[in-house]
Amino acid sequence: MPPRTLPPWAIDPAKIDHRAVRLVAAFKDAVARMHAEHGLTFDDIGYVLDFLLETREVTGITLAMAAQPLFGDVFQDGGRGYTVSEEVDSPTYLPGSPLIDNPGRLPMRPDEPGVPLIASGRVLDGHGDPLAGAEMVIYHAGDDGTYSGFGTSTQPPYHLRGRQLTDDEGRYRFTTITPVPYSEVPPPLVERVSAAAAALGRSTYRPAHIHFEIHHPDLLKPYRGEIYFAGDPVIPLDIIGPYVVPPSAQADLVLHDDPEDIAAHGFDRPFHTAVFDFVLKTRTSPDTAVGAPA
């Protein structure tokens, strides 16, 4: 019996992606509600798309990354006592960072501007047990708000970027300089981005943060995310949104200005310390991390 030939207008059931069908239907329902309840117009959508296309043209980043301020806090994972993580790579990530000792020091110039920072903590699983030998990829912007290897940065290659392995107790410790809030809006987009941010009650700045990636064979998936500093006044005004920085992703920043303490740590000026423990889900971790608030 010859195979059945479908007419040109027919749909092959085998090619239907039912998840895609559900997602499109849910998206259309959401747009319809925004139209009915908040007055969303077709021109509003056109304005946003034109702006995103212009951002891609100026910066070279993907459309999805250009749209991150619209939904950055949606695509987060974690909770239930686990450190909040992200599903996307940072556009400021560079592969190949050098391996540093533990304790160690991120690559920096001898006269690096900024306030010195000693960052430390542990990497733990959901039972509170250490993840020994976890590879931590660490990087952040310099005191001028730029990332080495990107944009107009004049920093040396792999400046303030490094990899570190946790010890047998899951501990990490490295010296760097304290990150500062920064704005990375390209000059051609400053006016439009500033206007859009102001309309949303946001700043064009991002709060100070350090990027981390953590890899370990026992993890369900690598950790990607940023750690911020409690009390940073930019956090509620973050251009990506006020909810992208939950309290569980904030470390306390402690200033040390006692001359003896400064000298004992080998610095010539006051310095900060910040302690943060990562709690990450492994293949044997419970749904809720041990010790998490009820």
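The values are calculated or read from the model by the stated rules, or taken from the named source; none is laboratory data. These numbers come from a predicted model, not from an experiment. Virtual Cβ from ideal backbone geometry, glycine too; neighbours counted across all protein chains shown. The accessibility values were calculated without ligands, DNA or RNA, using every heavy atom of the protein model including side chains. Shrake-Rupley method; radii C 1.70, N 1.55, O 1.52, S 1.80 Å.
Which one of these is more than 19 Å from residue 126 (Cβ to Cβ) and not basic (Lys, Arg): 246, 286, 181?
181
Given 231, 241, which one is of a type outside the set (Asp, Glu) and open to solvent by 30 Å² or more (accessible area, probe 1.4 Å)?
Testing whether each residue is of a type outside the set (Asp, Glu) and open to solvent by 30 Å² or more (accessible area, probe 1.4 Å) leaves just 231.
Counting just the residues of segment 7-34 that are aliphatic (A, V, I, L, M) and either over 30 Å from residue 46 (Cα atoms) or touching a residue at least 24 places away in the same chain (Cβ under 8 Å) (or both), which one comes out surrounded by the fewest Cβ atoms within 10 Å (Cβ to Cβ)?
The selected residue is 14.
Here are some residues: 39, 60. Which one is at pLDDT below 85, more than 22 Å from residue 238 (Cα to Cα) and out of contact with any helix residue (DSSP H, G or I) (no Cβ under 7 Å at 6 or more places or on another chain)?
Result: 60 is the single residue among 39, 60 that is at pLDDT below 85, more than 22 Å from residue 238 (Cα to Cα) and out of contact with any helix residue (DSSP H, G or I) (no Cβ under 7 Å at 6 or more places or on another chain).
Kindly establish whether residue 4 is on the phi < 0 side of the Ramachandran plot, open to solvent by 40 Å² or more (accessible area, probe 1.4 Å) and outside any loop (DSSP other than H, G, I, E, B).
So residue 4 does not fit the description; no.
Count, please, the residues in segment 267-294 that happen to be basic (Lys, Arg) and under 23 Å from residue 213 (Cβ atoms).
Number of matching residues: 2.
Which residue pairs have Cβ atoms under 9 Å apart, sit 6 or more places apart or on different chains, and have a first residue in segment 270-285 that is on the phi < 0 side of the Ramachandran plot and among the aromatic types (Phe, Trp, Tyr) and a second that is open to solvent by 20 Å² or more (accessible area, probe 1.4 Å) and part of a loop (DSSP other than H, G, I, E, B)?
As it stands, the answer is 271/115; 271/257; 271/265; 276/252, since those pairs meet every condition given.
Between 90, 85, which is within 30 Å of residue 282 (Cα to Cα), in contact with a Phe, Trp or Tyr (Cβ under 6 Å, 6 or more places away or on another chain) and open to solvent by less than 50 Å² (accessible area, probe 1.4 Å)?
Going through 90, 85 in turn, the sole match is 85.
Out of the residues in segment 271-287 that are part of a loop (DSSP other than H, G, I, E, B) and either open to solvent by less than 60 Å² (accessible area, probe 1.4 Å) or hydroxyl-bearing (Ser, Thr, Tyr) (or both), state the one that is nearest to residue 171 (Cα to Cα).
276
For (1) in contact with a Pro (Cβ under 6 Å, 6 or more places away or on another chain); (2) free of Cβ contacts under 8 Å to residues at least 24 places away in the same chain; (3) outside any loop (DSSP other than H, G, I, E, B); (4) of a type in the set (Asp, Glu), each residue gets a yes or a no:
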{"site": "132", "(1), (2), (3), (4)": "no, no, no, no"}
{"site": "138", "(1), (2), (3), (4)": "no, no, yes, no"}
{"site": "143", "(1), (2), (3), (4)": "yes, no, no, yes"}
{"site": "149", "(1), (2), (3), (4)": "no, no, no, no"}
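Any residue that is of a type in the set (Lys, Arg) and farther than 23 Å from residue 118 by Cβ - is there at least one of those in segment 161-181?
no
If a residue counts only when it is more than 26 Å from the chain's Cα centre (by Cα), which helices (runs of 4 or more DSSP H) contained entirely in segment 21-95 have at least 1 such residues?
42-59
Every residue in segment 240-264 that is closer than 30 Å to residue 224 by Cα and either in contact with a Pro (Cβ under 7 Å, 6 or more places away or on another chain) or in a loop (DSSP other than H, G, I, E, B) (or both), please.
Within segment 240-264, 240, 241, 242, 243, 244, 245, 246, 252, 255, 256 meet the criteria.
Any residue in segment 100-127 that's under 12 Å from residue 278 (Cα atoms): show its pairings with residues that are of a type in the set (D, E, K, R) and crowded, with 20+ Cβ neighbours inside 10 Å at Cβ separation under 7 Å, as long as the two are six or more apart or on different chains.
Final answer for the pair search is 126/281.
Could you tell me whether any residue of segment 180-187 is part of a loop (DSSP other than H, G, I, E, B), within 23 Å of residue 270 (Cβ to Cβ) and open to solvent by 10 Å² or more (accessible area, probe 1.4 Å)?
yes
Rundown of residues vs (1) in contact with a Leu (Cβ under 9 Å, 6 or more places away or on another chain); (2) surrounded by 14 or more Cβ atoms within 10 Å (Cβ to Cβ), yes/no style:
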position	(1), (2)
51	yes, yes
60	no, no
75	no, no
94	no, yes
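Hey, can you tell me all the residues within segment 142-180 that are modelled with pLDDT under 95 and of a type in the set (Ser, Thr, Tyr)?
146, 147, 148, 152, 153, 154, 158
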